[in-house]
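As structure tokens, the structure follows; a few thoughts come after it.
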Amino acid sequence: MAISEAEVKKVARLARLAVPDDRLEAYTQNLSNILNLVDQLSAVDTTGVEPMAHPLDMMQRLREDVVTETSHREKYQSVAPEVEDGLYLVPKVLE
Amino acid sequence: MSQADSIHTLSLKGIHDGVHTGKFSVMEATDAYLDRIERFNPELNAYITVTRESAQAQAVDIDNRIRKGELTGAMAGVPYSLKDLFCSEGVRTTCASNMLSNFISPYDAHVAAKLKAAGGVLLGKNNMDEFAMGSSNETSAFGNVCNPWDTTKVPGGSSGGGAATIAARLAPMTLGTDTGGSIRQPASFCNITGIKPTYGRISRYGMIAFASSLDQCGPMAPSAEDCAITMNIIAGLDSRDSTSVDLPVPDYTANLNGSLEGLRIGLPKEFFAEGLDAQVGAVIDRAIKEFQAKGAIIKEVTLPNSHLAVPVYYVVAPAECSSNLSRFDGVRFGHRCENPKDLMDLYERSRWEGFGDEVKRRIMIGTYALSAGYYDAYYLKAQQVRRLIKQDFEAAFKDVDVIMGPSCPTTAFGIGAKKDDPIAMYLEDLYTIPVSLAGLPGMTFPIGFAADGLPVGMQLVGNYFEEARMLNIAHQYQQWTDWHTQVPAQFA
Amino acid sequence: MEWETVIGLEIHAQLATNSKIFSGSSTAYGAEPNTQANLVDLGMPGVLPVLNKKAVELAIRLGLAIDAEIAPRSIFARKNYFYPDSPKGYQISQYELPIVGLGHMDIQLENGDTKRIGITRAHLEEDAGKSLHEDFQGQTGIDLNRAGTPLLEIVSEPDMRNAKEAVAYMKKLHALVRYLGVGDGNMQEGSFRCDANVSVRRPGAEFGTRAEIKNLNSFKFIERAINHEVERQIDIIESGGKVVQETRLYDPDKDETRSMRSKEDANDYRYFPDPDLLPVEITPADIEAVRATMPELPDAKKQRFMAEYALTAYDASLLTLSREVADYFEAVAQGCGDAKLAANWVNGEVSKTLADNEMEIAAVPVSSAALIELLKRIQDNTVSNKIARDVFAAMWNGEGSADAIIDKKGLKQITDTSAIEAVIDEIIANNPGQVAEYRSGKDKLFGFFVGQAMRASKGKANPNTLNDILKQKLEG
């Protein structure tokens, strides 16, 4: 299945990727090729087949409700682009 | 020839014995590898970061502890490297991406901590395909890696830096990861041994995720015995990874010498069909005959849905990665664009600039496959077919003990040959991906060279949690052959 | 023409765990920014979530209390969206197969009737962090301490038909959450938040287009916000317009809702099962283990109060709104032996004084034992109900025990008939006109004489004795 440039733009926006206009065509072509490869799946009869989300049929292990952490704010924020007063800074968020 | 000149020819056991009997120190072993890296890495680009200073500091400490008898284990005093997607505390961890080019990890991955505690010496971080997305190590933001067997060829990917590192003996062992073949394919291209254990056998904590339901860490080294020794250190339950399995860990070195008499080896007919390069096929056939000669029983099996594995993988893996990579948003770590004009701009530009093309393609495909109106047709469908693929293997394992076949359809291809054709690149992994989708353990071990002079690896697939048996089989093969000890003359 | 309002509520209750839902960080409120955000909460590369057992147990607890099915197998999913307070770029929530399935809760309407409200589901999810919009050189600050705090989102059916029903449902659920120890329900700290889906229709018609009103964090606001939204929608339709499906934010200062267009931009959440988490299995034994620790539920308690203490449904439902009030009442009822008297006092003076002082029962300065002492003085005619209220006020102010206050202030009731007779004789003598009128049939004047006599006795005359004697003398 081919994907249109408009759809690629929409997907890029959802994924927060600023595709420049001059790259749009190349991306559209590549993504269409991948979708063509993937389209083989539509012909497979999967009636009654349970979707497989995990390779192993295991159940979730649960953690005891214990606080095990102490603050390492300085260390963790040492890799942050911009912090002030212990807060991560981002351009003004408007609600 | 001084002792230091031959340390790199030793196995893990050889290095361990050397430092424990006082033949050479941990520092000497460490320096031997650091010197080789300095000498050969410029040509191969197998390392992104070399941790010379911390390695030497570690070596001093470990020498002391070995002398005091505090450290005796199989990894004590043994140098190693890590694929650059394992978080290592205080060390730059880049995932070969501009997104993380300055990311100093504040913590150790589970396996990194295990090797550290066992007394290993971290030499550095290996190059790879960006975020492990690629089969040639050409998507790295830190430049491509060259195959030591022919530096005009790719080493495979995504653990290409690690495979080249082992092939050129720039470390005696490295940890790679395998999502769709990223250990097995480069192992095949570079004439080394590598194992991707059963999904869940080794904790993924601290391994930067590509596709969570597929990613699995595993050792890469010259021999199966080296891999077994490493597996003993890193396998097992980790309470921080919900998908890590709570099953006893066998001693992987205990059964390396078991007999292969009566071993039932299945050959999937689909892996020997059209698409397999004839010269690779010839090497595979010869090795199979060698197993037969040692008493193994060869049977044909069928994996009728295996041709669907690549399409399934290119829905499942991108879907998971599109979500896994959302955390790289320029807020708490990683690349942030200059002067964002608003929040959207911060996100869109930081991510556009930080990620390379292949990563962005996969994020977009995954986003599309999960989006409203397409989820059922792509993601759900792929999950259903994934089960069919798993069921194929379950049926095959009713008749055979292990499955063998090629790891890749060809030997290493030329640098740049498939770079602009993602689909051709994806099809490189058609024999390894089905195994990943099923979550089964798979490994590659060297079985010789094709007519073009490049290495060929055998893919060995075991049933769930049968790593010990697989290592036994590969080890036995390595007792009667010496392919795995061969090093390109240039790097000898 | 008439309009019918249709309301469904989505309530987020923070669960009373010590640690976060997927990490070992503390959930305590009010810490310095980002000091309770560990590697997992920050969404650092490579980290993985592990589910908190207590969060699962608390969800089961609420599920059992609303008579819901507990899913034997439930699934966590990722809800993908970019927002600075969502560190991973997705929220771990539940989509298909939530932990708590279809249940219900009965609410008491103002007219005394009971109405059953369906509860569609309740699912576990992680909370987001907080965006602080104070000026940081024109930027927003992000505090991720709250990120990963466990929430139970409880989704009702669109079964409520006016704002009062919605408030009754929310109050009852709030009480239930606290009763069960599922959460602390602290609305100021955001531990109990509500989103309302509101639409209007002609009675009997299909559901209208709904608007979702976000972040209603007080009972007062929810009622006002819904009423406002209903008016807004009716105005739109009656003036020929169409209601748009959208998210709206209630502004309590302006008492209006406004559109949150920013949230509308990309609401394709791309839910899919979280590959880092496995299905959660809940066995019948797990459910029974939780059931064994369940306290008596409010409805059961209400029925028991009605049967055991002969209370009206109204009294009993007020007394069972919170576990602490119910416990207080039971202590008083048992201590004084008169449940009706105890109920009147707890629902009356005690509740009223708490409300006047904006206090919770936990902080009540008059203990159940102290109140029992006071009620005993009513029962033995030491003080009248009216005087007792004054004594109660003094007790509240910390002036001492009931007996000490009665003593000190000389409030002991006069039951000595001769003393009361003397007072009445004097009043009759001083008011010949009124006496004559009364005797000629103006019964209403009886109250006048009671008032005069009470005033003369400074309120201390036993009202029954006074009434009897007054009647005798006036008719005499």
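The values are calculated or read from the model by the stated rules, or taken from the named source; none is laboratory data. As the structure is a computational prediction, the values presented were derived from the model and not from experiment. Because the Cβ atoms are built from the backbone with ideal geometry, glycine has one as well, and the counts that use them run over all protein chains shown.
Out of the residues in region C:118-151 that are away from chain A (no Cβ under 14 Å) and in contact with a Ser or Thr (Cβ under 6 Å, 6 or more places away or on another chain), which is nearest to A:Asp85 (Cα to Cα)?
Only one residue fits best here, namely C:Asp127.
For region B:282-328, enumerate the residues that are more than 23 Å from B:Gly134 (Cβ to Cβ), in contact with a Ser or Thr (Cβ under 9 Å, 6 or more places away or on another chain) and not aliphatic (A, V, I, L, M).
Listed by number, the residues that qualify are B:Glu290, B:Lys294, B:Gly295.
For region C:393-445, enumerate the residues that are touching a helix residue (DSSP H, G or I) at 6+ places or on another chain (Cβ under 7 Å), among the hydrophobic types (A, V, I, L, M, F, W, C) and within 27 Å of C:Gly348 (Cβ to Cβ).
C:Ala394, C:Met395, C:Trp396, C:Ala402, C:Ile405, C:Ile406, C:Leu411, C:Ile414
Yes/no matrix, rows are residues, columns are (1) surrounded by 14 or more Cβ atoms within 10 Å (Cβ to Cβ); (2) more than 25 Å from C:Ala168 (Cα to Cα); (3) within 14 Å of chain B (Cβ to nearest Cβ):
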| position | (1), (2), (3) |
| --- | --- |
| C:Thr257 | yes, no, no |
| C:Leu278 | yes, yes, yes |
| C:Ile282 | yes, yes, no |
| C:Ala300 | no, no, no |
| C:Leu311 | yes, no, no |
| C:Leu321 | yes, no, no |
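Of all residues being of a type in the set (A, V, I, L, M) and either more than 28 Å from the chain's Cα centre (by Cα) or outside any loop (DSSP other than H, G, I, E, B) (or both) in region A:79-95, which is farthest from the other protein chains (Cβ to nearest Cβ)? Just the residue, please.
The extreme case among them is A:Val83.
Just to be sure, is A:Ala53 at pLDDT below 95 and surrounded by 14 or more Cβ atoms within 10 Å (Cβ to Cβ)?
Here the answer is yes, as A:Ala53 does meet what is asked.
Out of C:Asp135, C:Asp127, C:Asp159, C:Asp113, report the one residue that is farther than 29 Å from C:Pro273 by Cα, more than 18 Å from the chain's Cα centre (by Cα) and modelled with pLDDT of 95 or more.
Unique residue meeting the criteria: C:Asp159.
If I filter region B:6-64 down to residues being polar (S, T, N, Q) and within 24 Å of B:Thr485 (Cα to Cα), which single residue comes out as nearest to the chain's Cα centre (by Cα)?
Filtering region B:6-64 for residues that are polar (S, T, N, Q) and within 24 Å of B:Thr485 (Cα to Cα), the one nearest to the chain's Cα centre (by Cα) comes out as B:Asn45.
Could you please let me know if C:Asp403 is at pLDDT 85 or above and of a type in the set (Asp, Glu)?
yes
Could you tell me which of the residues B:Leu237, B:Leu247 is within 12 Å of another protein chain (Cβ to nearest Cβ), without any contact (Cβ under 8 Å) to a residue 60 or more places away in the chain and either out of contact with any helix residue (DSSP H, G or I) (no Cβ under 6 Å at 6 or more places or on another chain) or closer than 24 Å to A:Thr68 by Cβ (or both)?
Exactly one residue qualifies, and that residue is B:Leu237.
So, of the residues in region B:66-84 that are part of a loop (DSSP other than H, G, I, E, B) and in contact with a Gly (Cβ under 8 Å, 6 or more places away or on another chain), which turns out to be nearest to the other protein chains (Cβ to nearest Cβ)?
Selected residue: B:Asp84.
Only one of (1) within 14 Å of chain B (Cβ to nearest Cβ); (2) in contact with an Asp or Glu (Cβ under 8 Å, 6 or more places away or on another chain); (3) assigned to a loop (DSSP other than H, G, I, E, B); (4) buried (at least 24 other Cβ atoms within 10 Å of the Cβ) fails for C:Gln36. Which number is that?
(1)
Checking C:Gly181 against (1) at positive phi; (2) part of a helix (DSSP H, G or I): exactly one of these is not met. Which one?
(2)
If you scan region C:184-194, which residues turn out to be out of contact with any helix residue (DSSP H, G or I) (no Cβ under 9 Å at 6 or more places or on another chain), charged (D, E, K, R) and either free of Cβ contacts under 8 Å to residues at least 60 places away in the same chain or assigned to a loop (DSSP other than H, G, I, E, B) (or both)?
C:Glu189
Check C:Ile66 against each of (1) more than 9 Å from chain A (Cβ to nearest Cβ); (2) buried (at least 24 other Cβ atoms within 10 Å of the Cβ) and name the one condition it does not meet.
C:Ile66 satisfies every listed condition except (2).
Looking at A:His54, is it closer than 30 Å to C:Asn145 by Cβ and at the interface with chain B (Cβ under 8 Å from one of its Cβ atoms)?
Considered against the rule, which asks whether it is closer than 30 Å to C:Asn145 by Cβ and at the interface with chain B (Cβ under 8 Å from one of its Cβ atoms), A:His54 comes out as no.
So which of B:Ala468, B:Ala492, B:Ala450 ends up being under 19 Å from B:Val283 (Cα atoms) and more than 14 Å from chain A (Cβ to nearest Cβ)?
Going through B:Ala468, B:Ala492, B:Ala450 in turn, just one is under 19 Å from B:Val283 (Cα atoms) and more than 14 Å from chain A (Cβ to nearest Cβ): B:Ala450.
Scanning region B:297-334 for residues that are surrounded by fewer than 21 Cβ atoms within 10 Å (Cβ to Cβ) and not β-branched (Val, Ile, Thr), which turns out nearest to the other protein chains (Cβ to nearest Cβ)?
The selected residue is B:His307.
Grab the strands (runs of 3 or more DSSP E) fully contained in region C:50-149, keeping just those with 1 or more residues being in contact with a strand residue (DSSP E or B) (Cβ under 7 Å, 6 or more places away or on another chain) and farther than 30 Å from B:Pro340 by Cα.
Of the strands (runs of 3 or more DSSP E) lying wholly inside region C:50-149, those with at least 1 residues that are in contact with a strand residue (DSSP E or B) (Cβ under 7 Å, 6 or more places away or on another chain) and farther than 30 Å from B:Pro340 by Cα span C:77-80, C:90-93, C:103-108, C:114-126.
Step by step: first the residues of region B:250-266, then only those that are outside any strand (DSSP E or B) and out of contact with any helix residue (DSSP H, G or I) (no Cβ under 6 Å at 6 or more places or on another chain), then the one that is surrounded by the most Cβ atoms within 10 Å (Cβ to Cβ). Which residue is that?
So, considering only residues that are outside any strand (DSSP E or B) and out of contact with any helix residue (DSSP H, G or I) (no Cβ under 6 Å at 6 or more places or on another chain), the one surrounded by the most Cβ atoms within 10 Å (Cβ to Cβ) is B:Leu263.
Look through B:Tyr347, B:Tyr426, B:Tyr368 and report the one residue that is farther than 29 Å from A:Pro51 by Cβ and within 9 Å of chain A (Cβ to nearest Cβ).
B:Tyr347
I need every pair where a residue in region B:424-439 that is under 13 Å from B:Asp392 (Cα atoms) has its Cβ under 7 Å from the Cβ of a residue that is among the aliphatic types (A, V, I, L, M) and in a helix (DSSP H, G or I), sequence separation at least 6 or different chains.
Partner pairs satisfying both residue conditions: B:Pro434/B:Ala309; B:Pro434/B:Ile389; B:Leu437/B:Ala309; B:Leu437/B:Val312; B:Leu437/B:Ile389; B:Ala438/B:Ile389.
Out of all the residues in region C:283-321, which are within 17 Å of C:Asp106 (Cα to Cα) and among the small types (Gly, Ala, Ser)?
C:Ala300, C:Ala313, C:Ala316, C:Ser317
Hey, any hits in region B:274-281 for a residue that's surrounded by fewer than 19 Cβ atoms within 10 Å (Cβ to Cβ), in contact with a Ser or Thr (Cβ under 8 Å, 6 or more places away or on another chain) and part of a helix (DSSP H, G or I)?
yes
How many residues are surrounded by fewer than 18 Cβ atoms within 10 Å (Cβ to Cβ) and either of a type in the set (Val, Ile, Thr) or free of Cβ contacts under 8 Å to residues at least 40 places away in the same chain (or both) when one looks only at region C:371-393?
3
Tell me the helices (runs of 4 or more DSSP H) entirely within region A:1-78 that contain at least 2 residues that are over 30 Å from B:Tyr107 (Cβ atoms) and under 21 Å from the mean Cα position of the chain (by Cα).
Fully inside region A:1-78 and qualifying: A:5-14, A:21-38.
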